[in-house]
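Read-outs throughout are calculated quantities, based only on the coordinates presented, and are distinct from any laboratory measurement. Bear in mind the structure is a predicted one, so any value in this text is a computation, not a measurement. Every residue, glycine as well, gets a Cβ built from its backbone with ideal geometry; the counts of neighbours run over all protein chains shown.
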Amino acid sequence: MSVFQAVLLGILYWIGEANLPFVGLWTIQRPLVCGWIAGIILGDPLKGAMVGASINLVYLGFISAGGSMPADMALAGTLGAAFAITGNLDAKTALALAVPIGILGTLVWYTRMTIDSVWVHLGDKFVANEQYHKLWIANVLLPQIMSACICVIPASLAAYFGASYITPIVKTLSGTPLTIFQIIGGMMPALGIAITLQYIFKGESRVFLFLGFVVAVYSGLALLPQGVIAFLVALVYIQLRYSGGAGEAQVEAAGAADTDEEEDF
């Protein structure tokens, strides 16, 4: 890996972490996307996408509530794909390495949130002095410069120096230890899917879980037509639910009106 490629990987991680408009949280932060882009940077987009997709399965049930960050998907996807390509690792082994990297990446997030509080006070000063045209400095410019410093530099160093150690480590761990890593990596996606199923298997949505399972197993359809069928079923369900709710609301309103008329009489 060249220094230029390592810097590009650091910039990729920063964009995924920066929450910029139209990028970041909903796009590049996802391991499938940043893994694919990392593959493009390193000359193997197919393997980058494959490794990123495997890592993405772990974070299917990912939720960041109240500013907390249980794991750093962008760092796991970026470095996981980079190490898989440079170290010639398979997806399962790369996944086992990427998960602890993602947990370590939470330090970057909490550092960013802590330092960002300083810019809030600076914004308060701009408001107090009626310098509203300078608010973008506290809200956008300074936070992103700080975010770039704490994201690009560590990620670039980790990508550049870490990649050179991956191949010797894999050779050292060849055999039983590497098999253990592969087994752990194979179990990680099941964990992500299980967390997602916990959210689905609630209330009225349970029937759709079983319906989707039956269609997927016994219909013989490809993923695309299954997705279209699922979308149409969800659309019909929403229409029926809201139309039924509107009808009940109209009945309740009519009943209230009849009651008022009887009291007036």
ask   = If r is the Cβ-Cβ distance from residue 125 to residue 242 and R0 is 45 Å, what FRET efficiency results, to the nearest 0.05?
value = 0.40
key: Burial order of peptide ranges 48-60, 105-117, 3-15, 216-228 (average beta-carbon count within 10 Å, highest first)   = 48-60, 3-15, 105-117, 216-228
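Give me the Kirkwood hydrodynamic radius of the range 124-164, using the inverse of the mean 1/r over all pairs of distinct Cα atoms, in Å to one decimal.
Numbers: mean 1/r = 0.0822 Å⁻¹.
Taking every pair of different Cα atoms in the range 124-164, averaging 1/r and inverting gives 12.2 Å.
Which FRET efficiency, nearest 0.05, do residue 207 and residue 27 yield, Cβ-Cβ r, R0 35 Å?
Working from the Cβ atoms, E equals 0.60.
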query = Which value, in debye to the nearest 20, gives the size of the charge dipole of the range 1-149 about its Cα centre, when Lys and Arg are +1 and Asp and Glu are -1 at the Cβ?
reply = 100
remark   = Along principal axes, largest first, the alpha-carbon spread of the range 195-240 in whole Å comes out as 28, 27, 15
key: Residue-wise HN-Hα coupling along the range 82-93, computed from phi with Karplus coefficients 6.51, -1.76, 1.60 (Hz; x: Gly, Pro)   = 5, 5, 5, 6, 6, x, 6, 8, 7, 5, 5, 5
key: Debye log10 I(q)/I(0) at q = 0.18, 0.21 Å⁻¹ for the range 17-151, Cα point scatterers   = -0.93, -1.14
